[in-house]
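Engineer: The structure follows.
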Amino acid sequence: MTTASVAAGRAAVICAVGAALPPHTVSNADLTARLETTDEWIRSRTGIAQRHVAGADLSTTDLAVRAGAQALADREPVTVEALVVATTTPDRCCPATAPAVATRLGLTGIPAYDLAAGCTGFLYALATAAGLIAAGTVGTVLVIGADRLAALPDPVDRTTVPLFGDGAGAVVLRHGSADEAGALGPVVLGSDGTGAGLIRASRPGTLHMDGGEVFRHAVDRMSTASRQATAAAGWELGDIDRLVPHQANSRITAFVARRLGVPEDRQLSNIAETGNTGAASIPLLLARSAADGRLKPGHRTLLTAFGAGLTWGATTLTWPGLSPQPPTQRSRT
């Protein structure tokens, strides 16, 4: 497990957030009409009541563009110097998603690349973006997490279909000082390829997940990474005002929070409305919580995630004064 931090005096600071969700929602009741399951079964095991699902006319690129555009509109004009897109579901194997997203956002010419680290992808992307800033390579980076996970499960698998939704979330990082609000703390990252078979999909409709083992690993890895990230930031666990976990399963969140001693009123969640949106999960939750007032300026915030790979990570920041709009849900880009 590796802890990465930015150089002294040149921190990466979150200065804007954005989010996008497909307009079409699929409720648990919609699923019970075609799967051997019930609303109570889904809610009790996952905490999910509905999920947003993209149609054939809404791609990963489309979602990423919408979230990125909202983040760029969330603050005064900023010159973006690099773009990182975290995704497990690119529109094609080649070329990458990020250059197309950059061009559609009017950012042609900047370095733009994809990063694949499962549901931990957003934290990996934050770390690489912070590294670009720390090295002085660029001064501002747009980081987007975008996934269309709803198409990955076998459409008749009642255990995995209810879990996943589609969406995108974004943040803008700028260079700043480590002691200002919004500055990322040390980022803890890890992986274990021996668990690659626990969550895998070769193409849409083929997702396999060993739920029990994934649950165990997720709780262990997220808890450990969270402790390491808070310690590296010089925090005590009791200092955490808001826990922002990857939204995979409400029971995973509850177990992680219990191990960390974070009370329920300090845990943020939107899984009931979105399901598991992969790399989009954490930025979607940040945008939603900042917009509805659950995440306020000055809150000491812990981000943590676990995903396929296996991958995991955590980082900290003190939330800055941002006022994002609700996620865009336009039917067309």
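Engineer: What dipole magnitude, in Debye to the nearest 20, does the range 145-235 give about its Cα centre under +1 on Lys/Arg Cβ and -1 on Asp/Glu Cβ? Can you show the working numbers first?
Structural biologist: Values: 8 positive and 10 negative charges, 14 e Å.
My answer is approximately 60 debye.
Engineer: For the chain, what does the relative contact order come out to in percent, with C-alpha contacts under 8 Å and a separation of six or more?
Structural biologist: Relative contact order for the chain comes out at 28 percent.
Engineer: I'd like to compare 293-303, 139-149: which one has the highest average count of other Cβ atoms within 10 Å, and what's the full order after that?
Structural biologist: Order by mean packing, descending: 139-149, 293-303.
Engineer: If you don't mind, another one. Tell me, in nm to one decimal, what length is gained between E264 and T25 on full extension, where the rule is 0.36 nm per residue of separation less the Cα-Cα distance?
Structural biologist: Numbers: separation 239, 0.36 × 239 = 86.04 nm, distance 2.71 nm.
Net length gain for the segment: 83.3 nm.
Engineer: Which length gain, in nm to one decimal place, applies between R203 and E236 when the Cα-Cα distance is subtracted from 0.36 nm times their residue separation? Present the calculation step by step, with values, prior to reporting the outcome.
Structural biologist: Details: separation 33, 0.36 × 33 = 11.88 nm, distance 4.26 nm.
In short, 7.6 nm is gained.
Engineer: Same structure again: How charged is the neighbourhood of L35? Take every other residue with its Cβ under 14 Å from the Cβ of L35, and add Lys/Arg as +1 and Asp/Glu as -1. Intermediate results must be reported in sequence, preceding the final value.
Structural biologist: Values: positive: R34, R45, R51, R158; negative: D30, E36, D39, E40, D154, D157.
Result for the local shell: -2.
Engineer: If a paramagnetic tag sat 7 Å from the Cα of R10 along the Cα-Cβ line, which residues of the range 122-153 would have the backbone N under 13 Å from that point?
Structural biologist: Those under the cut-off are 130-140.
Engineer: Would you calculate, for the chain, the mean residue ellipticity at 222 nm contributed by helices, counting each DSSP H stretch of 4 or more residues as -39,500 (n - 2.57) and dividing by all residues, to the nearest 500? Could you put the intermediate results ahead of the total?
Structural biologist: On the way: 9 runs with 98 residues, N = 333.
Using -39500 (n - 2.57) per qualifying helix, the result is -9000 deg cm²/dmol.
Engineer: Still on this model: Mean-square fluctuation check for the chain, GNM, Cα pairs under 10 Å: which of I199, I48, I133 is largest?
Structural biologist: The residue with the greatest mean-square fluctuation here is I199.
Engineer: Within the chain, which complete DSSP H helices have Cα atoms spanning at least 18 Å along the helix axis and a mean Kyte-Doolittle hydropathy of -1.0 or higher? Present the calculation step by step, with values, prior to reporting the outcome.
Structural biologist: On the way: long enough: 60-73 (20 Å, 0.54); 121-134 (19 Å, 1.78); 211-232 (31 Å, -0.40).
Sorted by number, the helices that extend far enough and score high enough are 60-73, 121-134, 211-232.
Engineer: Once label points are set 7 Å from the Cα along Cα→Cβ at both S44 and T159, what is their separation, rounded to one decimal in nm?
Structural biologist: Calculated label separation equals 1.7 nm.
Engineer: From the backbone phi of the range 300-311, what are the Karplus-calculated ³J(HN,Hα) couplings (6.51 cos²θ - 1.76 cosθ + 1.60, θ = phi - 60°) in whole Hz, Gly and Pro given as x?
Structural biologist: Per-residue couplings from phi come out as 7, 10, 10, 9, 8, 8, 8, x, 4, x, 6, 9 Hz.
Engineer: Among A19, L63, A82, which residue has its Cα furthest toward the positive end of the charge dipole of the range 1-154, with +1 on Lys/Arg Cβ and -1 on Asp/Glu Cβ?
Structural biologist: Checking the options against the dipole of the range 1-154, the answer is A82.
Engineer: If you take every residue apart from T159 with its C-beta less than 11 Å away from the C-beta of T159, what net charge results, scoring Lys and Arg +1 and Asp and Glu -1?
Structural biologist: On the way: positive: R45, R158; negative: E36, D154, D157, D210.
Charge balance in the 11 Å sphere: -2.
Engineer: Dipole magnitude of the range 133-179 about its Cα centre, charges +1 at Lys/Arg Cβ and -1 at Asp/Glu Cβ only, in debye to the nearest 20?
Structural biologist: On the way: 3 positive and 5 negative charges, 26 e Å.
Taking the Cα centre of the range 133-179 as origin, the dipole is about 120 debye.
Engineer: Can I ask one more? Calculate the dipole size of the chain relative to its Cα centre from +1 charges on Lys and Arg beta carbons and -1 charges on Asp and Glu beta carbons; express the result in debye to the nearest 20. Before the final figure, lay out each step's value.
Structural biologist: Details: 28 positive and 28 negative charges, 13 e Å.
With only Lys, Arg, Asp and Glu charged at Cβ, the dipole is about 60 debye.
FYI, it's all coordinate maths here, none of it is from the lab. Every value quoted in this text rests on a predicted model; they were computed, and no experiment measured them. As a convention, Cβ positions derive from the backbone with ideal geometry for all residues, glycine included, and neighbour counts pool all protein chains shown.
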